[in-house]
Amino acid sequence: MTSTTTALLQRLHEQSLTEVMARARAQFHGSSEEFTTLADEYDMLAPRLRGRFLESHGLTSEDFESSQGTALSLAVTPEMGEFLRNMVLAHRPARILELGSSCGVSTLYFADALRTIGSGIVVATELDPGKCAQLRAHVSAAGVDAYVDLREGDVFQTVAELGGTFDMVFMDVWADAYLDLFRDIERLLRPGSIVLADNMYTAEDAVWYYKQYLEGNPRFSTTTLGFESGVEFTVVAA
Ligand SMILES: C[S@@+](CC[C@H](N)C(=O)[O-])C[C@H]1O[C@@H](n2cnc3c(N)ncnc32)[C@H](O)[C@@H]1O
């Protein structure tokens, strides 16, 4: 990764964390000391307990699960970003579909990996015009324009217009849309395609139908990876 991209990602990660912490602090009705303790406890929790923990403290955020917009970046963590980057380096996809790109943090990890390989494209999707503008600026600053195709607009509309197959898909829109969206992208998958979905533990109720659908369908082999906010790792078996 170039030093420019590393520095840019570091700044964007810090910015996103600050935003999320500020929102949680505004929602939390305790003292600053209690909030600090809560944040430490969250960090130490097993990922599969995190969603319920936030919920029990009144910190579940509606904008994670509703179709309403938010100005927050809600970027993947550095750990998740490195995982995505490594997945690309290992799987060498020609076409990646990213569902929910926000200001482009996960997009940058995908695009940087494609730059390392020397080929491929990530089709990024985002509804919010302000976030799209930021994504374009970030992609340009990192010098990875050649590897990113941003489609601005509603993701369902965007997906309906796509053809061909995708070797890798990253699902990171609002969790209650996962199943409907997955049904729409099934025709774009081929045997061996990988679908990664974030927030399986932090939006456990919203993703329940998605998880059930995958587990009940012999075309897919799926498991939830127990790190970060819970990542569904699905391979198209047939
Ligand atoms: C969790 S954020 C994505 C974060 C991003 N993957 C990253 O790492 O920076 C989810 C994004 O999905 C977008 N989104 C939600 N519903 C959408 C829809 N129907 N069409 C397009 N984008 C949508 C939101 O605007 C939001 O920016």
Practice task
Check whether at least one residue in region 223-236 is on the phi > 0 side of the Ramachandran plot, in contact (Cβ under 8 Å) with a residue 60 or more places away in the chain and not in a helix (DSSP H, G or I), and report yes or no.
Solution key: yes
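Yes/no matrix, rows are residues, columns are (1) within 23 Å of PHE83 (Cβ to Cβ); (2) under 16 Å from the mean Cα position of the chain (by Cα):
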residue: GLY164; (1), (2): no, no
residue: ASP176; (1), (2): no, yes
residue: ARG183; (1), (2): no, no
residue: LEU189; (1), (2): yes, no
residue: THR202; (1), (2): yes, yes
residue: THR234; (1), (2): yes, yes
residue: ALA237; (1), (2): yes, no
Exercise for the section: Considering every residue within region 152-163, establish whether at least one is loosely packed, with under 15 Cβ neighbours inside 10 Å and either among the β-branched types (Val, Ile, Thr) or over 25 Å from LEU214 (Cα atoms) (or both). Expected result: yes
Problem - THR5 vs. criteria exposed (fewer than 15 other Cβ atoms within 10 Å of the Cβ), hydroxyl-bearing (Ser, Thr, Tyr), part of a helix (DSSP H, G or I) and modelled with pLDDT of 90 or more - result: no
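Given the condition among the hydroxyl-bearing types (Ser, Thr, Tyr) and within 19 Å of SER101 (Cβ to Cβ), answer yes or no: does some residue in region 6-19 qualify?
yes
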Exercise for the section: Count, please, the residues in region 88-137 that happen to be among the polar types (S, T, N, Q) and more than 12 Å from the ligand (Cβ to nearest atom). Expected result: 2
Problem - Of the criteria (1) touching an Asp or Glu at 6+ places or on another chain (Cβ under 8 Å); (2) crowded, with 18+ Cβ neighbours inside 10 Å; (3) farther than 12 Å from LEU97 by Cα; (4) without any contact (Cβ under 8 Å) to a residue 60 or more places away in the chain, which one SER193 fails - result: (3)
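Matching residues to (1) hydrophobic (A, V, I, L, M, F, W, C); (2) under 19 Å from PHE182 (Cα atoms); (3) over 17 Å from the mean Cα position of the chain (by Cα); (4) at pLDDT below 95:
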site: PHE83; (1), (2), (3), (4): yes, no, no, no
site: LEU89; (1), (2), (3), (4): yes, no, yes, no
site: ALA94; (1), (2), (3), (4): yes, no, yes, no
site: SER119; (1), (2), (3), (4): no, no, yes, no
site: ARG136; (1), (2), (3), (4): no, no, yes, no
site: VAL139; (1), (2), (3), (4): yes, no, no, no
site: ASP154; (1), (2), (3), (4): no, yes, no, no
Fill in the blank from the handout: Filtering helices (runs of 4 or more DSSP H) wholly in region 95-213 for at least 1 residues that are in contact with a Lys or Arg (Cβ under 8 Å, 6 or more places away or on another chain) gives 105-117, 155-160
Practice task
Look at region 45-70 and say how many of its residues are more than 16 Å from the ligand (Cβ to nearest atom) and either modelled with pLDDT of 90 or more or not aliphatic (A, V, I, L, M) (or both).
Solution key: 8
Handout entry: Evaluation of GLU215 against (1) loosely packed, with under 14 Cβ neighbours inside 10 Å; (2) modelled with pLDDT of 95 or more; (3) touching a Pro at 6+ places or on another chain (Cβ under 8 Å) (one fails), failing number
Key = (3)
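The values are calculated or read from the model by the stated rules, or taken from the named source; none is laboratory data. Source: prediction; values computed, not measured. As a convention, Cβ positions derive from the backbone with ideal geometry for all residues, glycine included, and neighbour counts pool all protein chains shown.
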